[in-house]
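Encoded as structure tokens, the structure appears first; notes follow it.
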Amino acid sequence: MTANWHSEQYDGIHVHILPTEKYKMVTALATWQCTLAEDTVTAYSVLPHVLLRGTKRHPSPEGLMRAFDDLYGASIGGRAVKQGDAQTIEFSLQCANESHLPEAKGLFAEAFSLFAEVLFQPHLLEGAFDPKAVQTEKMLHKQRIENVVNDKIAYAADRCTQLMCENLPYGIPRNGYAQRVDEITPASLYEDYRHLVQTHDLHLYIVGNVDAHVLSTSVMQVLKDFRSETFAKSVADMRTVPFNRVNRAEPKVIVERLDVNQGKLNMGLSTNASYASEDYPALLVYNGVLGGFPHSKLFTNVREKASLAYYASSRLEGLKGIIFIQSGIQIENFDQAQGIIVEQLEALRSGMISDDELQFTRDGLINQYLLSDDQPLTGAMLQMYGRLSGRSRTVPELLDSIASVTKEDVVRVAQGVKLDTVYFLRDQEGETHA
Amino acid sequence: MREIRYDSVGETLYTEVLDNGLTLYVLQKPDFRQTYACFTTKYGSIDNDFVVPGQSAVRHVPDGIAHFLEHKMFEEEHGDIFLDFAKNGAQTNAFTTFDSTTYLFSSTDKVLDSLSILIDFVQRPYFTDENVEKEKGIIAQEIRMYEDNPFWQVFKGLLQGMYGQHPLATDIAGTVESIYQITKEDLYDCHRTFYHPGNMVLFVIGPMEPDVILEHVVANQAAKGYQPQPPIVRGFPPVPKHPSQALRESRLAVSQPRTMFGFKETAVPVTGQLRQRHEAAMEIALDALLGRGAQLYYALIDEDLADAGFGASYELTEYYGHTMMGGNSNHPEKLAERVKSALQDAAKNGLDPTDFERTKRKAIGRFLSLMDSPQGIANVYTQQMLRGIDVLTTLDFLRVMTVQDVNQALQSHVRNDQFAVSIVRPQS
């Protein structure tokens, strides 16, 4: 549990290494954080895909992937992620530990060097990205944005978020906008890339059976070799602003129609707490009692007692301090399901929380955090939340603070919870066509 | 306990078959915090015809009953099993496949007690007319959820094209109509037939000593007085030789067509080892020809036939085998035709030896990543063991594999008349 990170910094590069014999793979994560903004979200979402299309040494995508394959299938992934009010550009690397492959000495060093190539030595033509690669990735990205509707559960969750956070950064779609894809050119995207690399801090995490001192020196050297200019330190404040409630007399209710068999009922709740606040552990417990587990009020009342749904749960977006509820129901049962959910919010507000509900939830959360300690990148994620919220928390601190949450704490949080947005995705039935 | 050492992956497995027939596996992972246990019966959605022990006639039960039973096991006379696990801070779940049903938990505390809860609730059916009726509304919504899911619908369409009316092509959850026919008597019959310890496997992985787990499980089982059960008589109809339909199409509210296609295996190798080798060879072939290191993968994208999610997989059991390939596509028929002819060419001309060596090395490295996931090891080992395959020997198979093995596997698999296509299109 006592994670012994070995950290080093050079200009805007931060290298964090966690040596452990627990895993048979070595995992690396490189992440840049930038502000989530309408003008930049689309290009930054396309960028990781373009960087994976080739490097100076391996200019074709299949050539690049073959180079990774040759290293016992070292795998690289790249994506842009919405994290609170920030957008992170992340690349991950997973590589078999050479101690299990006697014929593969120096495997991670080679894989890391190739990984750094993807980040810092992209394939360029006339000082910009390869136009063909950009063209293909633009087309794929447009389709990616349009295809969000194909997964109705994810689509309904996205719509609810966008409607609740209209005109706020958090309401920006994670992949950006289809119409903004057209504006991207090989030159403009390369400018965006240089801006990202030159003015944003890079955090690099490596977890696995490695020698921290040796690796940290060699990794830093690889990064220095690749850089063409100084990596400046970030100046922008990337901290997420907790959701500021709009004072609505009644929740905003939006019904949208598609040809679906099942209705999707989603709700957004504003709260008085978030990752940075003292009440965060109580907020975690509140969300757990409401809908985080099979013993929670939503699962028990919407599914087990009323047989209305297969899934009915809630999810806490900690950085923003928003709780989202999601359920799939028969379309005619909208009023009944909504009524039961609102009753659960009321019950929590009036302190109807049994000792079992409280205990099961605290123990369930503690179990989740302990389980997360078996994942190599948990520590990296917590450090990132720390940077994004301005308040750092470690697993041991979270365990202690969750264990000491009382019923009074949960009720205090419950009284600050307000139903803000109701989103219902339903069929076309009863809709009059002109 | 019998000790099996797997030097190639650096793991040791302990196993014992108990007096009542239950097979126990324990794998110790001292550095991990969690214990993960899964308790699996060799009984899934394809087992709709069988002889109940003590009876003589073949019993037929409604589609979706194995999955229905899986849901219903969580309810007991004293209440919900979720709450019993929650008392220990443990997470529980279950899943049903074509040929197995698995109950599981993961936990970091009070592990032996949770292990008792797991074994006890799976071995203690409690069905009433009322609790069976209540579940129907819940499962109906689960089925509706899948009806709106293009990924699931296109997969189901391909199974129907390949296997027609065979139980392999029926939905694991059944249909809303079929589940409404299920009675508590049906459920008791299924439980009595398939949940005997002799038809079950318990896999426990975590930091505890294997002997402590064994002792605990032996004591738990001894107290229950199970008698050995004769082999189960299953009325599994023969799998049709050829696909029943070359093309199946449906429509959904989607933005772009989605397709899956593949070859149905003509003959399934009879032993587990042969199947394991064939499966590993086919996976290498598919990765070499269609994976991200293959030129074709990018050509399909450039020709507007596929997107980055295009992929291929192979599955082989004692009953059936097939490839499944595809993804989103603006021209699904063209995509299927293009990939089919590429595989036919490869079957005729053989793989490029360099591509083979590269993908083989990749398969070796990628397999090691399974060892970092307790849940992955337990689930995959159990599923494959029930199909007669020891998955922890995979690296030994891979290391000796030759390009000839792969070419042979491809040649026997790629047959023009074994090809089927499924397409889900946007509503017009």
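Identify all residues within segment B:366-389 that are within 14 Å of chain A (Cβ to nearest Cβ) and part of a loop (DSSP other than H, G, I, E, B); write none if there are none.
Scanning segment B:366-389 gives a single hit, B:373.
Among the listed residues B:317, B:393, B:354, B:359, which satisfies the condition of being away from every other protein chain (no Cβ under 14 Å), under 30 Å from residue A:99 (Cα atoms) and polar (S, T, N, Q)?
On the way: B:317 fails: under 30 Å from residue A:99 (Cα atoms); B:354 fails: away from every other protein chain (no Cβ under 14 Å); B:359 fails: away from every other protein chain (no Cβ under 14 Å).
The match here is B:393.
Can you find even one residue in segment A:59-70 that is more than 11 Å from chain B (Cβ to nearest Cβ) and within 23 Å of residue B:297 (Cα to Cα)?
Yes: segment A:59-70 contains one or more residues that are more than 11 Å from chain B (Cβ to nearest Cβ) and within 23 Å of residue B:297 (Cα to Cα).
Kindly indicate which of B:103, B:25 is within 25 Å of the chain's Cα centre (by Cα), more than 9 Å from chain A (Cβ to nearest Cβ), crowded, with 21+ Cβ neighbours inside 10 Å and more than 30 Å from residue A:299 (Cβ to Cβ). Full working, then the answer.
Numbers: B:103 fails: more than 30 Å from residue A:299 (Cβ to Cβ).
Checking each option against the conditions leaves just B:25.
Yes/no matrix, rows are residues, columns are (1) farther than 26 Å from residue B:365 by Cβ; (2) of a type outside the set (S, T, N, Q):
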| site | (1), (2) |
| --- | --- |
| B:268 | yes, yes |
| B:272 | no, yes |
| B:283 | no, yes |
| B:311 | no, yes |
| B:321 | no, yes |
| B:341 | yes, no |
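Look at residue B:95 and say whether it is part of a strand (DSSP E or B), modelled with pLDDT of 95 or more, surrounded by fewer than 18 Cβ atoms within 10 Å (Cβ to Cβ) and within 14 Å of chain A (Cβ to nearest Cβ).
On the way: part of a strand (DSSP E or B): yes; modelled with pLDDT of 95 or more: yes; surrounded by fewer than 18 Cβ atoms within 10 Å (Cβ to Cβ): yes; within 14 Å of chain A (Cβ to nearest Cβ): yes.
For residue B:95, the condition - part of a strand (DSSP E or B), modelled with pLDDT of 95 or more, surrounded by fewer than 18 Cβ atoms within 10 Å (Cβ to Cβ) and within 14 Å of chain A (Cβ to nearest Cβ) - is met.
Which of the following residues is at pLDDT 95 or above and assigned to a strand (DSSP E or B): B:82, B:68, B:39, B:32?
Of the residues listed, the single one that is at pLDDT 95 or above and assigned to a strand (DSSP E or B) is B:39.
Please specify each residue of segment B:343-392 satisfying the condition of being within 27 Å of residue B:96 (Cβ to Cβ), touching a residue at least 24 places away in the same chain (Cβ under 8 Å) and of a type in the set (Ser, Thr, Tyr).
Within segment B:343-392, B:381, B:382 meet the criteria.
Could you list all residues from segment B:373-394 that are surrounded by 22 or more Cβ atoms within 10 Å (Cβ to Cβ) and of a type in the set (Gly, Ala, Ser)?
The answer is B:378, and nothing else.
I need the full set of residues from segment B:106-139 which are at the interface with chain A (Cβ under 9 Å from one of its Cβ atoms), part of a loop (DSSP other than H, G, I, E, B) and polar (S, T, N, Q), in order please.
Passing the criteria: only B:108.
Pull up segment A:94-112, narrow it to residues that are in contact (Cβ under 8 Å) with a residue 60 or more places away in the chain and not aliphatic (A, V, I, L, M), then point me to the one that is surrounded by the fewest Cβ atoms within 10 Å (Cβ to Cβ).
A:99
Out of all the residues in segment B:140-169, which are in contact with a Gly (Cβ under 9 Å, 6 or more places away or on another chain), under 20 Å from residue B:94 (Cα atoms) and either in contact (Cβ under 8 Å) with a residue 40 or more places away in the chain or not basic (Lys, Arg) (or both)? Walk me through it before giving the result.
Step one: list which residues in segment B:140-169 are in contact with a Gly (Cβ under 9 Å, 6 or more places away or on another chain), which gives B:141-145, B:148, B:154, B:158, B:162, B:169.
Narrowing the set further to residues that are under 20 Å from residue B:94 (Cα atoms) leaves B:141-145.
Across segment B:140-169, the qualifying residues are B:141, B:142, B:143, B:145.
Residues of segment B:106-161 being under 21 Å from the mean Cα position of the chain (by Cα), of a type in the set (Ser, Thr, Tyr) and surrounded by fewer than 20 Cβ atoms within 10 Å (Cβ to Cβ), which ones?
B:146, the sole residue that qualifies.
Condition test on residue B:218, is it part of a helix (DSSP H, G or I), hydrophobic (A, V, I, L, M, F, W, C) and surrounded by fewer than 19 Cβ atoms within 10 Å (Cβ to Cβ)?
When the stated conditions are applied, residue B:218 passes them.
Please state which of the following conditions residue A:344 fails to meet, knowing it meets all the rest: (1) modelled with pLDDT under 95; (2) away from every other protein chain (no Cβ under 11 Å).
(1)
Take segment B:395-425 and flag every residue that is surrounded by fewer than 23 Cβ atoms within 10 Å (Cβ to Cβ), over 25 Å from residue B:164 (Cβ atoms) and either in the same structural domain as residue B:35 (by TED's automatic domain parsing) or within 24 Å of the chain's Cα centre (by Cα) (or both).
Selection gives B:395, B:396, B:397, B:398.
Sort through B:89, B:54, B:64, B:79 and tell me the only one that's without any contact (Cβ under 8 Å) to a residue 40 or more places away in the chain, at positive phi and buried (at least 22 other Cβ atoms within 10 Å of the Cβ).
B:89
Regarding segment A:70-77, can at least one residue be identified that is modelled with pLDDT under 95, out of contact with any Phe, Trp or Tyr (no Cβ under 6 Å at 6 or more places or on another chain) and part of a strand (DSSP E or B)?
no
Considering only segment B:142-150, I want to know if a residue exists there that is among the β-branched types (Val, Ile, Thr), within 25 Å of residue A:308 (Cα to Cα) and more than 8 Å from every other protein chain (Cβ to nearest Cβ).
yes
Please pick out the residue among B:293, B:309 that is in a loop (DSSP other than H, G, I, E, B) and buried (at least 17 other Cβ atoms within 10 Å of the Cβ). It would help to see each step written out before you state the result.
Values: B:309 fails: buried (at least 17 other Cβ atoms within 10 Å of the Cβ).
The match here is B:293.
Output the number of the condition that residue A:35 fails; it satisfies all remaining conditions of (1) in contact with a helix residue (DSSP H, G or I) (Cβ under 7 Å, 6 or more places away or on another chain); (2) among the polar types (S, T, N, Q); (3) away from chain B (no Cβ under 14 Å).
Of the numbered conditions (1) in contact with a helix residue (DSSP H, G or I) (Cβ under 7 Å, 6 or more places away or on another chain); (2) among the polar types (S, T, N, Q); (3) away from chain B (no Cβ under 14 Å), the odd one out for residue A:35 is (1).
Does residue A:93 satisfy being in a strand (DSSP E or B), modelled with pLDDT of 95 or more and aliphatic (A, V, I, L, M)?
Criteria met by residue A:93.
The values are calculated or read from the model by the stated rules, or taken from the named source; none is laboratory data. If you're wondering where the values come from, they're calculated on a predicted model, not measured in any experiment. Neighbour counts run over all protein chains shown; Cβ positions are idealised from the backbone, glycine included.
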